[in-house]
Structure formats: structure tokens, C-alpha cells
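Presented below is the structure to which this report refers.
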Amino acid sequence: MEYCFSPLLILLIIVILSNCEATCNQIVPSNGNPSIETRVSIGECVAFQCTLNHTAQWKLNGADISNDAHYNINTTSGTLTIQEVRSNDTGSYTCGSGSISLLIVKIPVIIVTGQYTNLTVGSSVGIKCTTMPSIPNSVIQWDPPSSSDNNELIINPVMLSHNNNTFTCVVSSDLVSMSLTESITISVLDTSVSSVTVQSLSSYVIGDNVSIVCTISLTNAIGPDVSSLVVNWFKNNEMITDNIINGSSSTFNSILTLKLVSLTDAGVYTCNASINGSDTILSDSKLLCIEGTH
């Protein structure tokens, strides 16, 4: 069976091969001078030239190199080509006595970007992990796993419990002999309740609607998520769950509403507040008096 190729196709193949060769680092042997070295990044292409004939045996650090998918030896020119350099390709290459080529493979550095210190309770942060230079087809993960988008660690919302937590960025690739890691320690602004004040109450009569306001101040602002602020109301030391919290930053109001009060609603009302993860719990109490109708 005969195959015919157009001149245009042949030209295209030649151009592609020429471009591949052009992007490959050409390394010429140093003729016995081991001080001359070539530095390349992981994933780059290198081509070692051999001044001997094609029968010369290539060696890496004294060990024979086999012609395989990773190490391509041109049997005509004797050139050794590595299309994607790995971390363990560092070493001294020889193709006969006196012909030395020293290759140094640069290990990428992990770069962590994004704020992870002095975080505000209730805020949201994204911390990205990359390598410089980048590693082809690498996998980047955070450990322990958390909400993440590819190489980004997302903490939403930030809580006091995140303080002093350590997260490790792990970069793995077939081109690296061992995983690269970089650890960070999260720090969160120490935030607690600094004061709790229940407004003074007047006397009310049966059938009135009563709103009791508790003002809470914090040592540091929180938000926009305020779920870490915990406010509880008590009547005569029994918890009441019906209350509304509003406010922002470092001052909040919690409002307890009593509709159409009766004599049984009279008593001591207590508001206490804390931040999840804080040991500080503050409270204030006021007496509610209910009078009969006139």
C-alpha cells in the first residue's frame, strides 16, 4: 500500500518539528568542566548534544540511561531529549569519557496569597495557593479540606474557633518526586462582649404591647455574618427564645417583644450575650411591672 502526502502537509510537519526543537533547551557538553551548569524549571524540555557517535552510552550520575518514553535518545545524532524535566532529573549527564553536562532542575516555590491573619469574626476570606513557576498538570489541595474552589481555601464565615488553625497547601505532580507543601496559621481578632445593657422599663397595664431592648457592645466589630453573636433572654431565669437582633459592626440591639401583656408577664427579664468560642458571657436584668386596667 502506498501513501501520498502533499507538499503542504510535509512542510507543516517540518515547521511543527522545528518549533518543538526551538523551544527545547539545547545543552552542549562542557568537555570535562563540571562547573558549567544549566538550570531549568520543572516541565521544561532539554536536549543534550553528544559529540561522539550514536553508539555512545548516555549516563546520569554514572548510571546508564535507557531509551524510553521519558529519555529519548536519537540513534542517529546521539542527542538525548527530555520533553518534560522532572525534579529527579538533576545531575551529571555524560555520553562518553570527558563529555559532561550538569543539569540543575529548579524546584518551584509555593506562593500563598490572601489575608489569613487578624481576621474579623463573621468575615469571608479566600486564600490562594500557586507555584512559581507553575508546574504542568499539577494538583493543588488544602489540608485539612475545607470549602475550596480549586487552589483557593475559602473560610466563610470566620469564627473564633478558626484562631490558630493550621492549613497546609499540598502540590503534587508526576514531575515532582515528592509533594511540595506550605503551611499557614490562621489568626482571628480576639472578640468578645464588652457590655450588655437592658433599657429601663416603665410600668405597663394589661393589654399593652411591650418591647424590651438590650444593647450589646463588642470589643471588635464583626460581620457581615453575625451568627457568632449569641443572645439569650430569660424571664425569672427561664429561657425565652423569641427575640430579634439588629445592628452591625460592634453594637447590636436585641429586642424582646411581648404582645397584649397580662399579669403573668410581670417579672425579671435578663438579657445575656456572648460570642461563639469566647469565655466571656455578660448579662443585664430589669424588672417588668404590670398593673391592672383602670
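Each value in this text was obtained by applying a stated rule to the coordinates, not by laboratory testing. Small disclaimer: the values here were computed from a predicted structure and weren't measured. A quick note on method: Cβ atoms are made from the backbone with ideal geometry, for glycine too, and the neighbour counts reach across all protein chains shown.
In the chain, helical runs assigned H by DSSP with n ≥ 4 each contribute -39500 (n - 2.57); averaged across all residues and rounded to the nearest 500, the mean residue ellipticity at 222 nm is -2000 deg cm²/dmol. Based on C-alpha pairs under 8 angstrom that are at least 6 apart in sequence, the range 109-185 has a relative contact order of 31 percent.
As a length-normalised measure over Cα pairs under 8 Å and 6 or more apart, the relative contact order of the chain settles at 13 percent.
For the range 127-140, 3J(HN,Hα) computed residue by residue from phi via the Karplus equation (6.51, -1.76, 1.60; θ = phi - 60°) reads 10, 9, 10, 9, 10, 10, x, 5, 10, x, 6, 7, 10, 10 Hz, glycine and proline entered as x. Angle, helix 7-22 long axis vs. longest principal axis of the chain, Cα atoms, 0 to 90°, nearest 10? Once rounded, one gets 70 degrees. Cβ crowding within 10 Å, taken as a proxy for footprinting-reagent exposure, orders Asp68, Asp208 from fewest neighbours to most as Asp68, Asp208. By the count of other C-beta atoms within 10 Å, a proxy for reagent exposure, Glu238, Glu291, Glu152 are ordered fewest to most as Glu238, Glu291, Glu152. Residue exposure proxy: Arg39, Arg86, ordered by other Cβ atoms within 10 angstrom of their Cβ from fewest to most, comes out as Arg39, Arg86.
Pairs of Lys residues in the chain are counted when their Cα atoms are under 29 angstrom apart and they lie 8 or more places apart or on different chains; the count is 5. Checking [x] 22.9, 79; [y] 35.5, 118; [z] 17.5, 49 against the coordinates, the calculated Rg and Dmax of the Cα atoms in Å falls under label [y].
Computed on the Cα atoms alone, the convex hull of the range 193-291 gives a volume of 86 cubic angstrom per residue. The distance from the alpha carbon centre of the range 246-272 to that of the range 94-164 is 48 Å, rounded to a whole number. DSSP bridge analysis restricted to the chain gives an antiparallel fraction near 85%, rounded to the nearest 5.
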